[in-house]
Amino acid sequence: MTQNRRRIAVLTSGGDAPGMNAAIRSVVLCGTALNFEVIGVERGYDGLMRGSFVEFSQRVLDENLHRGGTLLRSARSHEFMTREGRAQAIEHLRRAGIEGLVVIGGDGSFAGALALDREGMPTVGIPGTIDNDIACTDVSIGFDTALNTVIHAVNQLRDTAYSHDRVYVVEVMGRNSGYIALYSGLAVGAEAILIPEIPEDLDNLVAKIDQVHKAGKAHSIVIVAEGVGGVPSSTRRYEESAGFRVAQYISEHSHHETRVTILGHLQRGGSPTASDRLLASRLGEAAVRLLARGVSGRMVGIQQNRVVDVPLEDAIGKPKPIDREYYELASLLTAVV
Ligand code: ATP
């Protein structure tokens, strides 16, 4: 370690998202350029409470840039949600001479980051979640890659849907947020898009699919966010899934043959797109620049393609409203939204 270098650490927490590795790389390389020594924490807050620190090599950072997932791995920790758990985490950081922390994750991870900051460990957040459900940033790391994964899958389904005159119901991720469904539905030209933010009207859906078919198009793609209908995705059975319920309703109330595809965790993986790599690289730099200026308790994000930073409390626990402009566009380009 260079003697006058201050130490900071970086971790990934909550659900992994493609582009997290690009964010880690940027934090480490930009941090080093700003005269920090940057240490990794394995397995999120769980690793932080165990003092599970790792050093980075340029080779590992470069070799993971094009990979999905997170080279630091991720975890969820109930223990960290207690004050005692966080005190243990801060103790490990202090003992390792670490003076600041960058947390890459979603809403829950930021609640943890804010608590750490308030309890004396300067912390900055970078939004990384495929759901794009974090307030105060137009986009979060992983969203663009997940969209492209959905588009690729639906392209394949269209081929078979066309050949068999079927209705294909495709369930995409989004427990509370319709961003993936709305944006991917627009991008694939779905006949219908159902999102948690708008109450579902399945009779209207069936009527519109009938219209589409009467107008001469013999197959339809219906994109459904997993949160439609409100059954928590971690505990639900297949029959309770939004995709299955919607497909069953269509089958029972029309003559259309339906099929369900639940894309599930496929959407989490894959090589990050150019857009996610660039976003992650920009936000990684912005995060370490804040720490270098002695600023913390903030989340870096993107608004109108400019890097911004906002208080962490502004980004936490607020629903991010669905993008009105995209929603209105979908109502023009899609039979049902
Ligand atoms: P995703 O959106 O992908 O689920 P996330 O960051 O929201 O990501 P969570 O599981 O909600 O994922 O949170 C990750 C971790 O953050 C939790 O396991 C917990 O350790 C910590 N955390 C969550 N909420 C709080 C809180 N209110 N206070 C302290 N720590 C929290």
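The values are calculated or read from the model by the stated rules, or taken from the named source; none is laboratory data. Predicted model, so just to flag it, every value in this text is computed and none were measured. Here Cβ is always computed from backbone atoms with ideal geometry, including for glycine, and neighbour counts include all displayed protein chains. For the accessible areas, the whole protein counts, side chains as well, though only heavy atoms, and no ligand, DNA or RNA atoms are used. Shrake-Rupley method; radii C 1.70, N 1.55, O 1.52, S 1.80 Å.
Of the strands (runs of 3 or more DSSP E) entirely within region 111-215, none holds at least 3 residues that are at pLDDT below 95.
Look at (1) in contact with a Phe, Trp or Tyr (Cβ under 8 Å, 6 or more places away or on another chain); (2) open to solvent by less than 40 Å² (accessible area, probe 1.4 Å) and you find that VAL228 fails only one, number (1). When TYR162, TYR168 are checked against the criterion of being of a type in the set (Phe, Trp, Tyr) and open to solvent by 20 Å² or more (accessible area, probe 1.4 Å), a single residue qualifies: TYR162. If you filter region 49-73 down to residues that are within 16 Å of the ligand (Cβ to nearest atom) and open to solvent by 70 Å² or more (accessible area, probe 1.4 Å), you find that the one that is farthest from ILE90 (Cα to Cα) is ARG73. Scanning region 123-132 for any residue that is under 22 Å from VAL336 (Cα atoms), within 19 Å of the chain's Cα centre (by Cα) and within 12 Å of the ligand (Cβ to nearest atom) turns up at least one such residue.
Taking the numbered list (1) in contact with a helix residue (DSSP H, G or I) (Cβ under 7 Å, 6 or more places away or on another chain); (2) open to solvent by less than 50 Å² (accessible area, probe 1.4 Å) in turn, ALA247 passes all entries but (1). Scanning region 4-35 for residues that are open to solvent by 10 Å² or more (accessible area, probe 1.4 Å) and either assigned to a loop (DSSP other than H, G, I, E, B) or under 14 Å from ALA75 (Cα atoms) (or both) returns ASN4, ARG5, GLY14, GLY15, ASP16, LEU34, ASN35. Remark: pairs (first residue in region 299-324, in the same structural domain as GLY125 (by TED's automatic domain parsing); second residue among the polar types (S, T, N, Q); Cβ separation under 6 Å; 6+ apart in sequence or on different chains) = GLY301/THR137; ILE302/THR137.
Condition check ((1) assigned to a helix (DSSP H, G or I); (2) surrounded by fewer than 22 Cβ atoms within 10 Å (Cβ to Cβ); (3) more than 16 Å from the ligand (Cβ to nearest atom)) across all residues:
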position	(1), (2), (3)
GLY47	yes, no, no
ALA75	no, yes, no
GLU84	yes, yes, no
ALA87	yes, yes, no
ILE90	yes, yes, no
LEU93	yes, no, no
ILE104	no, no, no
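Being farther than 19 Å from VAL228 by Cβ and in contact (Cβ under 8 Å) with a residue 60 or more places away in the chain is a property that GLY178 lacks.
In region 284-319, what residues are outside any loop (DSSP other than H, G, I, E, B) and small (Gly, Ala, Ser)? The answer is GLY284, ALA286, ALA287, ALA292, GLY301, ALA315.
For ASP144, state whether it is closer than 28 Å to LEU266 by Cβ, open to solvent by 30 Å² or more (accessible area, probe 1.4 Å) and either more than 10 Å from the ligand (Cβ to nearest atom) or not small (Gly, Ala, Ser) (or both). So ASP144 fits the description; yes. List pairs: first residue in region 57-77 and on the phi < 0 side of the Ramachandran plot, second residue crowded, with 18+ Cβ neighbours inside 10 Å and acidic (Asp, Glu) anywhere in the structure, Cβ distance under 7 angstrom, at least six positions apart or on different chains. Listed by first residue and then by second, the contacts come to THR70/ASP16; LEU72/GLU42; SER74/ASP16; ALA75/ASP46; SER77/ASP46.
Looking across region 106-116 at every residue that is near the ligand (Cβ under 6 Å from one of its atoms) and in contact (Cβ under 8 Å) with a residue 40 or more places away in the chain, the one that is nearest to the chain's Cα centre (by Cα) is identified as GLY106. Quick check on VAL124: is it touching a residue at least 12 places away in the same chain (Cβ under 8 Å) and either hydroxyl-bearing (Ser, Thr, Tyr) or buried (at least 22 other Cβ atoms within 10 Å of the Cβ) (or both)? Yes; evaluated as a whole, the condition is true for this residue. Looking at ARG236, ARG175 in this structure, which one is under 21 Å from GLY142 (Cα atoms) and of a type in the set (Lys, Arg)? Sole residue among the options that is under 21 Å from GLY142 (Cα atoms) and of a type in the set (Lys, Arg): ARG175. Determine whether VAL38 is away from the ligand (no atom under 15 Å from the Cβ) and buried (at least 20 other Cβ atoms within 10 Å of the Cβ). Judged against the criteria, VAL38 is a match. Out of curiosity, is ARG43 charged (D, E, K, R), under 25 Å from ALA111 (Cβ atoms) and buried (at least 19 other Cβ atoms within 10 Å of the Cβ)? It is true that ARG43 is charged (D, E, K, R), under 25 Å from ALA111 (Cβ atoms) and buried (at least 19 other Cβ atoms within 10 Å of the Cβ).
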